[in-house]
């Protein structure tokens, strides 16, 4: 079921066509890895008639009753191309009478400096150490960033911190990845702000410590809902929307070293993240024909990034310290000393791996970058 298809809302028709319009207004480039330069669109409630407005296209004749997105996209393309032929330029405002308008806020530009200019990135589970670092890196690279997480103080704080650095390139939206309607509503908020998105970093996930013999089934199912169901729902909704935009895209899934190298007492986390990882690999097969790349990043032992602590380690750290007879500093040192490079792995390192994929430095999909300092028992990648 597509939870975004049947949701009644005054702006729903505009939100449906916005990614199609954004895709059609993207400009061809000479860049082999980024063949299209995107625009930014804003959804506005202003539905004043377009007559006499030389750069506005009136969509009153557009039939929105069809369920077929491909047919609707083709009709939009015809209308935009006909406007360009008449006026010598593409429209900067598209008016859907009685609903609202789409306004070009930023025209297509070459993606050289910064490399991801005008590209929109959505980050799930953004309010922890890795999510914060990923948002910062994407902003530094020129992206507009939508930070999503469960509603609450952590998300509000993150949004405020990011807006201090890039006030015009940050939005936040509450998202519960276990709820398809919540995912759709958050992505609708992104579409309303910028017309669609180009990058999705799926970082939402939770952990639980227990041996298999003592495993509480409800706790295991809670991890299944977030780490497995949540990944499936996010991939499905993001894939549909990127396909509707028809400009390709990048999805990066936060995996873990526990996929190739599980830990005793981490059965629920290791098993559900392995399923999450496998869904990513399958998505890379299914979405490649649409130009959408899906890759994974597999970190280990990321405790913090600046003032942002890892939610995962806040949840399981006390158990890990007790099991090893260590305090917090000692636990950090334990994980640092066990990797080959004796490296302290940070959120910044993970963000760099995400950036490698979304900046398309190689023609790669279905791959995994480990960010763990080198772990011998996890080397068969």
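The values are calculated or read from the model by the stated rules, or taken from the named source; none is laboratory data. As the structure is a prediction and not an experimental result, all values here were calculated from the model. Here the Cβ is made from the backbone with ideal geometry for all residues, glycine too, and neighbour counts use every protein chain on show.
In the condition set (1) outside any loop (DSSP other than H, G, I, E, B); (2) touching a strand residue (DSSP E or B) at 6+ places or on another chain (Cβ under 8 Å); (3) not assigned by TED's automatic domain parsing to the domain that holds residue 146, residue 132 is compliant with all but (3). Where residues in region 173-183 are in contact (Cβ under 8 Å) with a residue 40 or more places away in the chain and crowded, with 22+ Cβ neighbours inside 10 Å, which of them is farthest from residue 229 (Cα to Cα)? Only one residue tops the list, namely 175.
For region 326-354, filtering for residues that are within 18 Å of the chain's Cα centre (by Cα) and farther than 13 Å from residue 297 by Cα leaves 0. Do we have any residue at all in region 286-307 that's crowded, with 18+ Cβ neighbours inside 10 Å, touching a strand residue (DSSP E or B) at 6+ places or on another chain (Cβ under 9 Å), more than 13 Å from residue 256 (Cα to Cα) and at pLDDT below 95? Yes, region 286-307 has at least one match.
Every residue, every condition in (1) touching a helix residue (DSSP H, G or I) at 6+ places or on another chain (Cβ under 9 Å); (2) buried (at least 18 other Cβ atoms within 10 Å of the Cβ); (3) at pLDDT below 95, yes or no:
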position	(1), (2), (3)
28	no, no, yes
39	yes, yes, no
53	no, no, yes
67	no, no, yes
71	no, no, yes
74	no, no, yes
90	yes, yes, yes
104	yes, yes, no
112	no, no, yes
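Within region 245-256, residues that are outside the structural domain of residue 35 (by TED's automatic domain parsing) and within 20 Å of residue 191 (Cβ to Cβ) have Cβ atoms under 9 Å from residues that are modelled with pLDDT under 95 and in a strand (DSSP E or B) in these pairs: 247/36; 248/36, counting only partners at least 6 apart in sequence or on another chain.
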